[in-house]
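Here's the structure, in structure tokens; my notes come after.
The values are calculated or read from the model by the stated rules, or taken from the named source; none is laboratory data. What you see is a predicted model, and the numbers here were worked out from it, not measured in a lab. As a convention, Cβ positions derive from the backbone with ideal geometry for all residues, glycine included, and neighbour counts pool all protein chains shown.
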Amino acid sequence: MFSSFEAAMAKSLDIPMVDSVDRLAPPDHLDGIKMEQDGHLNKKFHKEVFLGDLEDFEDISYEERKSKLDEVFNKADTNRDEYLELSELEAWIMKKLEEHFYEAADENGRIFAKLDKNKDGFLDWDEYLRMYLLARGYHKDKVEKYLKGMNAKIDSSKSEIKFSTDDEKFFHDGDKDTLLRYKDRWEESDTEKKDNKLTKSEFLKFRHPEHRDDSMQEMAGSIIHGLDKNDDGNLTVEEFIALPPGISSDVNTEEEDFKWQNERKKEFTDSIDLNKDGIVNLNELKAYLNPRNPIQIKNEAMAILEMIDDDYNGKLSKEEVKRHETEFIYSKMVETARNFHDEF
């Protein structure tokens with residue numbers, strides 16, 4: 001059950017009630033980015049970069065899906081020759097990515113405006129923490145008491161935000177660790193004055209690192225940190241395909257594990273390890289994550305072409321796209337429970 005405040009908050013933010021906490025938090029999933037922030041691959045990437053924001057695609061009828069594919073094909077076919085060539089696929093992917101960026105920035109601006117209660121153009125940590133805790137269902141009086149006590153412990157001459165061991169009694173399961181991660185990201189996003197207050201652009205960086213080059217580097221570093229078993233600052237293919245901790249292999253899961261690892265190994269070898277030395281460094285992972293990287297856009301266009309081009313003529317017909325709707329719309333990666341928990 002959602003609290004009455006959570007329902008009111010969702011309504012005030014003009015977002016679905018069930019998503020209110022998720023919209024406040026930095027999203028793990030970033031549309032149009034090939035990897036999630038916790039290190040697993042984006043299963044919806046092909047759909048996002050070709051169809052764009054068609055979240056209801058799976059729920060509509062067969063005929064409606066065919067009609068939408070027709071519409072997308074005709075828009076992408078800019079020279080009107082009834083084929084999609086590599087250059088047209090690249091241009092369309094870039095167009096869809098820019099749409100995702102615009103939508104993320106627009107949503108971020110609306111959320112920022114709702115959270116910035118005093119309309120001073122800044123959002124401080126207390127404002128954010130208060131709204132997040134209330135959205136999580138904490139009682140308002142207890143939240144205010146906690147924030148008052150927390151502020152009394154903070155040296156106002158310093159910008160650091162700290163949680164104490166006493167907080168274990170206040171936080172629900174897992175919330176303290178989650179907020180520690182958010183706090184770290186908040187401080188990393190506070191690049192202008194280091195005062196624990198974020199401007200709208202800094203708040204966008206906090207929630208959507210794909211919008212800033214330095215944030216993409218931080219995201220790449222976080223992923224490496226979480227997967228790098230020997231702490232050398234790089235990733236080997238063995239580290240990249242290692243099963244998450246706590247996953248036990250048995251007869252029922254071995255095949256799923258094998259497919260999951262093979263998919264990651266292929267992505268590591270074909271797309272991430274640019275110099276093919278068997279090691280992925282920070283710059284290579286950053287280049288892979290960067291949605292505006294022209295090399296990655298070309299690689300994705302080529303991957304779509306190779307997946308669907310049945311007659312090997314180097315371009316796609318409308319019939320080929322429709323024939324391969326399932327492969328095209330849905331990732332071929334196996335849906336398993338082997339998703340990494342957000343550890344960063």
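Overview of values
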| read-out | value |
| --- | --- |
| Residues within the range 74-97 that are β-branched (V, I, T) and closer than 15 Å to E300 by Cβ, tallied | 1 |
| Number of positions in the range 199-217 that are in contact (Cβ under 8 Å) with a residue 12 or more places away in the chain and either in contact with a Ser or Thr (Cβ under 6 Å, 6 or more places away or on another chain) or of a type in the set (G, A, S) (or both) | 5 |
| Set L115, L54, L97, L123: member being more than 17 Å from I308 (Cα to Cα), aliphatic (A, V, I, L, M), surrounded by 13 or more Cβ atoms within 10 Å (Cβ to Cβ) and modelled with pLDDT of 90 or more | L123 |
| Number of positions in the range 254-268 that are surrounded by 13 or more Cβ atoms within 10 Å (Cβ to Cβ), farther than 21 Å from V280 by Cα and free of Cβ contacts under 8 Å to residues at least 24 places away in the same chain | 0 |
| Positions within the range 189-214 being closer than 26 Å to E284 by Cβ and in contact with a helix residue (DSSP H, G or I) (Cβ under 7 Å, 6 or more places away or on another chain), in sequence order | S189, T191, L204, K205, F206, R207, H208, P209, E210, H211, R212 |
| Residues of the range 304-328 satisfying the condition of being touching a strand residue (DSSP E or B) at 6+ places or on another chain (Cβ under 9 Å) and under 21 Å from M94 (Cα atoms) | I304, L305, I308, D309, G314, K315, L316, S317, K318, V321 |
